[in-house]
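Inspection log for the structure reproduced underneath, given as structure tokens.
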Amino acid sequence: MRTLAALLVALLPAAAAAPDEIAALLDRARGAPGEFAADVMIRIAALDKVDKARKMQLLEEAFLRASEAQQPYKRHPSISRLDAPAGFQNRAFNQDLDGLSLRLRVVERMLPLDSRKARELFEQIPPPHPPRLACEDFLVYDLSRFFSVAAGVARQSFTAKEIARGEPVQFLVRYAGAVASPVEVAPAAAMIAAAGLRDDDFQLLVATFGSALGRIEGDDRSFSFSLPGAGSGILELVEEGRRRRAPPLALIERYRLYLVNHLSAARCADNEAMLPPPGRSAFSLGSSPPTELAGSDAVAFFNERIRAAPLAPIEAPEVAPSKVAGEAADLHACQDAACREIQERYQELGAGPNRVYAQSANRDTAEWQEKLRQLLVAMADWKESAGATPAQHFRDKAGVLNMVYNLAPPGRSREMVVEAILDYLRLSRLAVENREEWFLPAHTLIAFAGLDRTGSSRLTDQLRAAGDPVIALYASLETLAPHTMETVAPIL
């Protein structure tokens, strides 16, 4: 793909959409699968020329269609590197096409239009209950947006009389008291810190959260990955309590119990490889970066930064794992011979080490274009093998096609690659089995066509003529409600 800087230079204002164009696009969207229909409606509702009443109608319709999404929650790789397949799946979930993300996007859009209606919609969303994970899983659940939106609704949707009656804190108590998974600890703590509550309301909410914290019996994959943000979030609440002259000793005690219970349980053997690198936590919403990384660091962090007398420090015997076993599976791309052969052909086209492509004028030669054509023919013949599942094969093939697109110069060479991508997507079974992953390769092309308006007419034409109604729908949407650099960056 072209660099972000080049795209930013090429970014030009989109043409205004006529009402009949919007109506026609909405008619097409209503026939699409639920997550795509909801996404299109949310994006159209953001257009300035759509009046307030119509925006609200579209958002409510999108909220209902979001229930049809295949994926209930957003997920995030629990490994520090983001190469395939982790990087591919991370970008797929970053499209925010899961059911919860779609509903939350509706609430966010509704807040400035009608804050009470936004609250009513949010209250229709059940508190999330992500399933337990096994050590073989490397995708963990990301619920940070849920708690962030809850805090925003609490701040913006209550009247002065409702605030005087304590309704905002009762609204938040429902969610703080329902925390049941390690992936909720950090974002729930951030929600409390961001709520702007009075001292007595703050203490009530912290006490409710602490009670839920002590009851959590989560899986080790979610617990281990969430440790950095959890410790930082608890520390923020403890320090805020001290500033309010009400040190939350009960919260500290419950967090101690939470740590001991999980650190002394069965642990995954690959935790060190799974944890994020220093200074990064997927779920921490606070302003300060986390300083703990692994189980032993979490204990030291608790003992040195969080603990308060008369609670005793956590000692090593308390957190000895009952057993250590199990590692994440499906972490490596291109494991079968057919895939490796395709990658070798790709390397012959001129890719340098670490996927940094060597720029070369010979890519415009007939000889180079013939090599590209032969590679695309080989890729069309590349079928699923016994060494890869259908999902793995799709990620491998889509990944190679993406790299080939990056390598091909503008013009006929790149058009050939686009044709190959679209042909593959039309035939892919992932369109049914996992619509988010299936759509990602096309979504990336669509976003680039929308951003690069100086040279994208041919690409837009190819997308509209792709023979797939969802791809054609989004190609048309891009001319009316184009992506911005902010919205497209997470999927690149």
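Coordinate-derived values only; no laboratory data. Predicted model, so just to flag it, every value in this text is computed and none were measured. Glycine also receives a Cβ, built like all others from the backbone with ideal geometry; neighbour counts cover every protein chain displayed.
Can you tell me the dipole magnitude for the chain around its Cα centre, using point charges on the Cβ only (Lys, Arg +1; Asp, Glu -1), in Debye to the nearest 20?
On the way: 56 positive and 63 negative charges, 213 e Å.
Here the size comes out at about 1020 debye.
Please state the shape class of the range 337-491: rounded when a/c is under 1.5, otherwise prolate if a/b exceeds b/c and oblate if not, all from the C-alpha gyration tensor.
Working: a/c = 1.74, a/b = 1.16, b/c = 1.50.
Taking the square roots of the gyration eigenvalues as a ≥ b ≥ c, the range 337-491 is oblate.
Under the rule of -39500 (n - 2.57) per DSSP H run of 4 or more residues, summed and divided by the residues of the chain, what mean residue ellipticity at 222 nm is obtained, to the nearest 500 deg cm²/dmol? Let's see the in-between values first.
Details: 25 runs with 286 residues, N = 492.
Here the helix-only value at 222 nm equals -18000 deg cm²/dmol.
Work out from phi, with θ = phi - 60° and the Karplus expression 6.51 cos²θ - 1.76 cosθ + 1.60, the ³J(HN,Hα) of each residue of the range 157-162, listed in order in whole Hz, and give x for Gly and Pro.
10, 10, 7, 4, 5, 5
So what is the relative contact order for the chain, in percent, with contacts set as C-alpha pairs under 8 Å and at least six apart?
Working: 723 pairs, mean separation 85.9, N = 492.
Relative contact order comes out at 17 percent.
Per-residue counts of other Cβ atoms within 10 Å, averaged by peptide: what ranking do you get for 317-330, 248-261, highest first? Walk me through the numbers on the way to the answer.
Numbers: 317-330: 13.6, 248-261: 20.2.
In descending order of packing, they fall as 248-261, 317-330.
Taking H as built 1.01 Å from N, whose amide H comes closer than 5 Å to the amide H of residue 266, not counting residues under 5 places away?
Hits under the 5 Å cutoff: 322, 323.
What net charge is computed for the residues neighbouring residue 480, neighbours being all others with C-beta under 9 Å from the C-beta of residue 480, Lys and Arg scored +1, Asp and Glu -1?
Details: positive: 43; negative: 21, 478.
Spelling it out: positives minus negatives among the neighbours equals -1.
Classify the range 37-324 as rounded, prolate or oblate, taking a ≥ b ≥ c as the square roots of the eigenvalues of its Cα gyration tensor: rounded when a/c is under 1.5, otherwise prolate if a/b is larger than b/c and oblate if not.
Judged from the Cα gyration tensor, the range 37-324 comes out oblate (a/c at least 1.5, b/c at or above a/b).
May I ask you to list the trypsin sites (Lys or Arg not before Pro) in the range 51-122 that are in a DSSP loop and have at most 12 other Cβ atoms within 10 Å of their Cβ?
Values: sites: 52, 54, 55, 65, 74, 75, 81, 91, 103, 105, 109, 116, 117, 119; in loops: 74, 81.
When the trypsin sites (Lys or Arg not before Pro) of the range 51-122 are filtered for loop state and at most 12 Cβ neighbours within 10 Å, 81 remain.
Pop a pseudo-label 7 angstrom from the Cα along the beta-carbon direction at both residue 300 and residue 28 and give the gap in nm to one decimal.
For the pair residue 300/residue 28, the computed spacing is 5.8 nm.
Here is the link list: 55/161; 55/117; 52/117; 371/397. Which ones come out longer than 20 Å on Cα distance? Please list the in-between numbers first.
Working: 55/161 28 Å; 55/117 13 Å; 52/117 13 Å; 371/397 18 Å.
With Cα atoms farther than 20 Å apart: 55/161.
Considering only the other residues whose Cβ falls under 13 Å of the Cβ of residue 430, what net charge follows from Lys and Arg at +1 and Asp and Glu at -1? Provide the component values of the computation, followed by the final result.
Values: positive: 395, 397, 426, 429, 435; negative: 384, 396, 433, 436, 437, 468.
After counting each charged neighbour, the total is -1.
Looking at 25, 380, 222, which one has the Cα that reaches farthest to the positive end of the dipole of the chain (charges on Cβ: Lys, Arg +1; Asp, Glu -1)?
25
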